[in-house]
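The values are calculated or read from the model by the stated rules, or taken from the named source; none is laboratory data. Every value quoted in this text rests on a predicted model; they were computed, and no experiment measured them. For neighbour counting, all protein chains shown are included, and Cβ atoms are generated from backbone atoms with ideal geometry for every residue, glycine included. To get the accessible areas, we keep the full protein, side chains included, count just its heavy atoms, and leave off ligands, DNA and RNA. Shrake-Rupley method; radii C 1.70, N 1.55, O 1.52, S 1.80 Å.
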Amino acid sequence: MIRTVWKDILPEEAGHAQCHEHIWLEKGASYHVNPALCMNDRKKSLKELNDYHQAGGRLIVDAQPTGCGRNASMLSALSRESNVFIVAAAGFHKKEFFDNPVLFSWPEEALARLYAKEINTCITDLAQESSFCRAGILKAAAEKNWQTDPVYHKLFEAVAQAAGQTGAPVMIHTEKGSDVLELIHWFQERDIPPEKLLICHLDRTHYDIDYHKKVLSTGCYLCYDSIHRLKYVSEAEEMKLLLAMKESGFTGQIVLSLDTTNQRLRSYGAEDMGLDYILKFFIPQLKEQGFTDREIRQMCTANAAKILDFV
């Protein structure tokens with residue numbers, strides 16, 4: 001089963017899925033870091049989801065985790081109104097994005113219980129609990145100093161504990177300079193296998209084809225979520241990376257996403273794209289480059305169903 005904010009679904013119900021998006025983000029710490037990190041207009045977010053559904057989209061992962069501007073009740077309402085399944089995240093992002101830094105003072109075991117509760121029982125957003133609404137994935141953010149910073153170390157240990165207790169997959173935000181192979185090994189030492197890990201942003205933080213092959217050889221999944229993020233990677237560079245992974249037989253471990261901000265959503269003012277960009281524009285490019293329908297289904301449907309299936 002895949003756990004969404006609306007209900008648990010069978011993997012075959014997921015359909016076209018994008019495993020790293022942001023469709024709702026309260027105005028808070030993230031906004032003060034970057035004004036693009038705020039999506040708090042219900043009509044606009046619903047319009048994006050409706051357009052996505054009309055284009056063939058059926059599921060997204062909203063990657064905003066615990067204490068960082070997530071609103072589970074709103075995600076649940078948007079999911080029901082649009083008929084797009086939304087998987088919410090428990091866990092943590094970069095410290096600068098926390099609206100609720102009191103969590104930094106919590107002991108490791110208490111954080112692990114909180115994350116596990118959000119997977120197993122209900123999500124807690126600030127003081128509000130939604131008993132019908134649970135998270136379906138854990139999130140961790142690997143800044144360069146994640147192993148030496150005591151707060152990050154504690155947060156990582158809590159996510160690993162929660163993953164072990166719940167069986168939920170873990171998505172990992174990476175930064176330039178992050179040693180991803182070491183990170184995978186760190187989770188393995190805590191009995192979290194690579195097959196439960198979804199590594200994000202590697203297409204823009206480590207643009208190195210050989211390195212990607214080494215990472216994928218561990219058995220983990222990569223989320224290529226910089227599609228049409230032209231300030232990081234051109235469309236041609238993204239395609240070159242995907243073609244290299246195809247030629248090496250790794251399409252069974254790749255998922256595609258946009259990692260949306262309000263500057264990348266049509267309803268919020270973007271001129272050239274919305275949540276439906278992959279369906280409307282990028283998949284036709286994949287076909288032009290020789291990707292088969294089977295390979296596209298792997299990257300856009302089947303792989304997401306595999307990584308998100310844990311219940």
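Kindly establish whether residue 37 is within 21 Å of residue 4 (Cβ to Cβ) and either open to solvent by less than 70 Å² (accessible area, probe 1.4 Å) or out of contact with any strand residue (DSSP E or B) (no Cβ under 7 Å at 6 or more places or on another chain) (or both). No, not satisfied. Somewhere in region 219-231, is a residue over 22 Å from residue 184 (Cα atoms), open to solvent by 50 Å² or more (accessible area, probe 1.4 Å) and either in contact with a Lys or Arg (Cβ under 9 Å, 6 or more places away or on another chain) or in a loop (DSSP other than H, G, I, E, B) (or both)? Scanning region 219-231, I find at least one residue that is over 22 Å from residue 184 (Cα atoms), open to solvent by 50 Å² or more (accessible area, probe 1.4 Å) and either in contact with a Lys or Arg (Cβ under 9 Å, 6 or more places away or on another chain) or in a loop (DSSP other than H, G, I, E, B) (or both), so the answer is yes.
Of all residues in region 187-205, those satisfying the criterion of being outside any strand (DSSP E or B), out of contact with any Gly (no Cβ under 9 Å at 6 or more places or on another chain) and either in contact (Cβ under 8 Å) with a residue 12 or more places away in the chain or of a type in the set (A, V, I, L, M) (or both) are 187, 201, 202, 203, 204.
Of the listed requirements (1) out of contact with any helix residue (DSSP H, G or I) (no Cβ under 8 Å at 6 or more places or on another chain); (2) open to solvent by less than 10 Å² (accessible area, probe 1.4 Å); (3) modelled with pLDDT under 95, residue 118 misses just one: (3).
Assessment of region 170-186 against the conditions (in a loop (DSSP other than H, G, I, E, B) and more than 27 Å from residue 241 (Cβ to Cβ)) yields no matching residue.
Scanning region 245-290 for residues being under 22 Å from the mean Cα position of the chain (by Cα), among the acidic types (Asp, Glu) and part of a helix (DSSP H, G or I) gives a total of 0. In the set (1) open to solvent by less than 50 Å² (accessible area, probe 1.4 Å); (2) in contact (Cβ under 8 Å) with a residue 40 or more places away in the chain; (3) under 23 Å from residue 172 (Cα atoms), the condition left unmet by residue 238 is number (2). When region 143-200 is filtered for residues that are surrounded by 14 or more Cβ atoms within 10 Å (Cβ to Cβ), at pLDDT below 95 and small (Gly, Ala, Ser), only 178 remains.
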